[in-house]
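Coordinate-derived values only; no laboratory data. Worth saying up front: this structure is predicted, and the values here are computed from it rather than measured. As a convention, Cβ positions derive from the backbone with ideal geometry for all residues, glycine included, and neighbour counts pool all protein chains shown.
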Amino acid sequence: MMATIFFVLLGIVMLAAVVILLRRPAAFLPSEARGAAINLEDLAARHSRYFPQMRQALFPADEAYLTGRASPVVLREWRDSRRRVMRGFLAGLYEDFARLNRMARAVSRVAPQLDNVREAELFWLGLRFRLFYRIALLELNLGHRPVNAYLRLAAMIGGLGSTLERAAAALAEESAVGRPSTLIS
Amino acid sequence: MAEVLLLCYHTPVIVESTPFTLVLGVPAVCLELVLVGMVLYRGLHRRLPIFTAYVALVVVKEAVTSLVLYRFGLRSLPYYYAYWGSQGILVVLRGLVVAELLHAVLRPYRGVWTIARFALSVTAATLLLYAAVESAASAPQIGGFVLAADRGLEFAVVGALLALLAVCRYYEVGLDPLSAAIALGLAIYSSFAIMNNTVLFKFFSAYAQTWSIMRRVSYDAAVMIWLWPLLRPVPEQEAAPTLISASVYQQLVPEFSGRMRELNDRLLDILQR
């Protein structure tokens, strides 16, 4: 009986997976509407550019200053609001990472030949980052880790902008030499 | 008519024709004929010849099995071979339709096409091996062997379809409405066949009539899904995208992967501290 239930459930899951995969995600509707083109403005690292302001707002000296001066209630509220801000920023950074990942896949899509090892690595890295991000977010929500630790991650993602700019420049150069690339619009 | 199905010629599981199955069968065959007509009218035979052959062969199979049934009878060996032989050919054709779909959708993206072909081959080979092992394990019972082989092959069809859709989703290659409809129709039919055969394994004679009806209904559902986009003229295939040069790919992708690797390591560092 267990085998029967297993195979029936497997059939349902496989059909559901096909239906889900056939539903076009909203994320790539705009580019698909113009063929394979991708708007580079959509790909720019929007959130990481606010990294300096975030660093200022989350500076550890603030906590040292408030400890002992503010009441425990005020201090708790201040910490909560800091975490809230950090959560929002982390979500933004994740968006930036997703853009980088998407750009990599867009380049692969219009490449005449793919390097299987590199493609597998990109896939694995994207998967791993998503998993780590979920764990980091969970820990932040549970208050297990100080906010400052995430600033290092923010600094890393802050460098994304330059990577995307270099990619854009290389692709623009490609279209300038007579290959009207459909990758950029 | 089509609904008079013999599961296995020397087992007692025989699906007799009833007024209900006949009522279901006659319009179903008409619908299949309409589909073949629409496929030819819309010129799909030039774009998707294997799919065209598949839908046409389903109609031919209905006619041939009905003739053999009329000539030799329900419990005859020729009918058994005609029915399951045609099922075998059709399931192989369904697999080839998936490969044809993959080729039609991804051919313009040369790099992705190479990877997708590899993914499809690995998935199909694994699931075909599973089908062989499972049917060999059920070999002592001829009915069980046929059902297990049929279920295994349907698994291979849905698995290959999933591999195709996963590659399309990952590289953000959109399927046109017709290709999406063909994929959905195949998935519905094959998934129902998996579930249907599984239940038949367990309950055998008690489920035989329902098994036959379910098989028919799932194929009719697929036919209606395939007919829907054919009601309007099929749009011309989009122009192939202009590909970048291999050197741009070689230059950019290591940079992307390097940056992503760095981000992963940093995040892992934080989590391990």
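Quick notes on this one:
- Global form of the range B:5-238, assessed from the alpha-carbon gyration tensor, a/c cut-off 1.5: oblate
- Shape of the range B:122-254, Cα gyration tensor, a/c cut at 1.5: oblate
- Neighbouring Cβ atoms from other chains, within 10 Å of the Cβ of residues in B:160-172, number 5 on average.
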